[in-house]
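Asks: Got a structure for you, questions after.
The values are calculated or read from the model by the stated rules, or taken from the named source; none is laboratory data. If you're wondering where the values come from, they're calculated on a predicted model, not measured in any experiment. Note: ideal-geometry Cβ built from the backbone for every residue, glycine included; neighbour counts use all protein chains shown. Accessible surface is based on the protein model in full, side chains and every heavy atom, while ligands, DNA and RNA are left aside. Shrake-Rupley method; radii C 1.70, N 1.55, O 1.52, S 1.80 Å.
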Amino acid sequence: MADENLPLHVGIIMDGNGRWAKQRLKPRNYGHDAGMKRVMKLAAHAKDRGIRYLTLYTLSTENLNRPEEELEGIYDLFRKYFGEYAVKLSKENSDVRIIGDISVLPADVQQKMLSACARKVENPDLTVIFAINYGSRAEIVRAANLAVQRGKKVTEEDFSHLLYTDGIPDPDLIIRTGREVRLSNFLLWQAAYAELYFTDILFPDFNNAAFDKALKDYSLRSRRYGKI
């Protein structure tokens with residue numbers, strides 16, 4: 001597939017971890033753990049395919065309303081995987097970046113994430129962006145308030161620089177796993193012209209072949225941006 005037209009930036013709404021665990025008569029956090037393991041394999045494959053940016057909807061603002069037991073399990077996974085993943089990714093010439101408001105997370109989790117982001121790689125082959133306590137509407141309101149504070153009108157380009165994703169190109173392709181057919185408050189501004197791809201596969205089962213199928217589907221589309 002080397003001659004195909006591939007996206008520069010892929011966003012993934014990683015849905016279905018809980019249902020995947022339920023099918024196996026396991027607690028929801030068993031599915032979240034399986035999802036985190038899949039993330040690392042998917043990132044390596046995306047880099048091999050030439051994807052430069054991979055944004056993963058990891059924890060939405062709405063997810064913070066989930067039961068405390070589940071959230072604590074998710075925080076434990078962040079503690080476990082962020083240090084491990086950051087070291088592995090940097091060795092593979094990849095960067096880690098986080099978008100969203102992580103200030104509400106436990107202090108030690110925040111530190112793990114900040115340390116991961118601090119391991120900068122010069123000219124990375126891949127930047128993996130984790131959207132954590134992220135909601136696009138909150139991001140847009142935050143950017144609007146920053147513009148108001150600066151006291152001047154802004155262009156679309158100016159406004160884009162006020163978003164969490166400043167410096168990151170808009171996604172070319174957004175994939176959602178797990179049967180649902182909606183964006184669920186993910187990169188609404190940035191996804192204005194993104195191609196959308198939905199699959200019934202639950203995220204822990206979204207393997208490299210399934211990812212390649214989404215890339216193949218993208219490569220066959222014509223992106224006109226409103227033109228004929």
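Asks: Kindly check whether there is at least one residue in the range 56-70 that is under 28 Å from residue 166 (Cα atoms), in contact with a helix residue (DSSP H, G or I) (Cβ under 6 Å, 6 or more places away or on another chain) and in a helix (DSSP H, G or I).
Replies: The answer is no, given that none of the residues of the range 56-70 is under 28 Å from residue 166 (Cα atoms), in contact with a helix residue (DSSP H, G or I) (Cβ under 6 Å, 6 or more places away or on another chain) and in a helix (DSSP H, G or I).
Asks: Check off (1) in contact with a helix residue (DSSP H, G or I) (Cβ under 6 Å, 6 or more places away or on another chain); (2) part of a helix (DSSP H, G or I); (3) open to solvent by 10 Å² or more (accessible area, probe 1.4 Å); (4) touching a residue at least 24 places away in the same chain (Cβ under 8 Å) for residue 4 and give me the number that stays unchecked.
Replies: (2)
Asks: Next question. Take the residues in the range 187-199 that are in a loop (DSSP other than H, G, I, E, B) and of a type outside the set (Val, Ile, Thr), then tell me which one is most open to solvent (accessible area, probe 1.4 Å).
Replies: Checked the range 187-199; the qualifying residue most open to solvent (accessible area, probe 1.4 Å) is 193.
Asks: Looking at the range 56-69, I want the residues that are touching a residue at least 24 places away in the same chain (Cβ under 8 Å) and have a partner that is open to solvent by 80 Å² or more (accessible area, probe 1.4 Å) with Cβ atoms under 8 Å, at least 6 apart or on another chain. Which pairs are those?
Replies: That search, which allows pairs on different chains as well, returns 64/104.
Asks: Consider only pairs whose beta carbons are under 8 Å apart and that are at least six residues apart or on different chains; among these, list those whose first residue lies in the range 76-87 and is farther than 16 Å from residue 31 by Cα and touching a residue at least 60 places away in the same chain (Cβ under 8 Å) and whose second residue is of a type outside the set (A, V, I, L, M) and open to solvent by 60 Å² or more (accessible area, probe 1.4 Å).
Replies: Close Cβ pairs (under 8 Å, with a partner that is of a type outside the set (A, V, I, L, M) and open to solvent by 60 Å² or more (accessible area, probe 1.4 Å)) do not exist here.
Asks: Looking at (1) touching a Pro at 6+ places or on another chain (Cβ under 9 Å); (2) at pLDDT 95 or above, which one does residue 110 not meet, given that it meets all the others?
Replies: Of (1) touching a Pro at 6+ places or on another chain (Cβ under 9 Å); (2) at pLDDT 95 or above, only one is false for residue 110: (1).
Asks: Which is over 19 Å from the mean Cα position of the chain (by Cα) and crowded, with 20+ Cβ neighbours inside 10 Å, of 43, 21?
Replies: One residue alone meets the criteria, 21.
Asks: Let me ask another. If I filter the range 200-219 down to residues being open to solvent by 20 Å² or more (accessible area, probe 1.4 Å) and outside any helix (DSSP H, G or I), which single residue comes out as nearest to residue 38 (Cα to Cα)?
Replies: That would be 207.
Asks: In the range 46-68, which residues are touching a Lys or Arg at 6+ places or on another chain (Cβ under 9 Å), surrounded by 21 or more Cβ atoms within 10 Å (Cβ to Cβ) and over 18 Å from residue 88 (Cα atoms)?
Replies: Of everything in the range 46-68, just one residue is touching a Lys or Arg at 6+ places or on another chain (Cβ under 9 Å), surrounded by 21 or more Cβ atoms within 10 Å (Cβ to Cβ) and over 18 Å from residue 88 (Cα atoms), namely 57.
Asks: Which one of the conditions (1) farther than 29 Å from residue 18 by Cα; (2) within 15 Å of the chain's Cα centre (by Cα) does residue 158 fail to meet, given that it meets all the rest?
Replies: (2)
Asks: So, restricting to strands (runs of 3 or more DSSP E) that lie completely within the range 72-186, which ones have at least 1 residues that are open to solvent by 60 Å² or more (accessible area, probe 1.4 Å)?
Replies: 94-99
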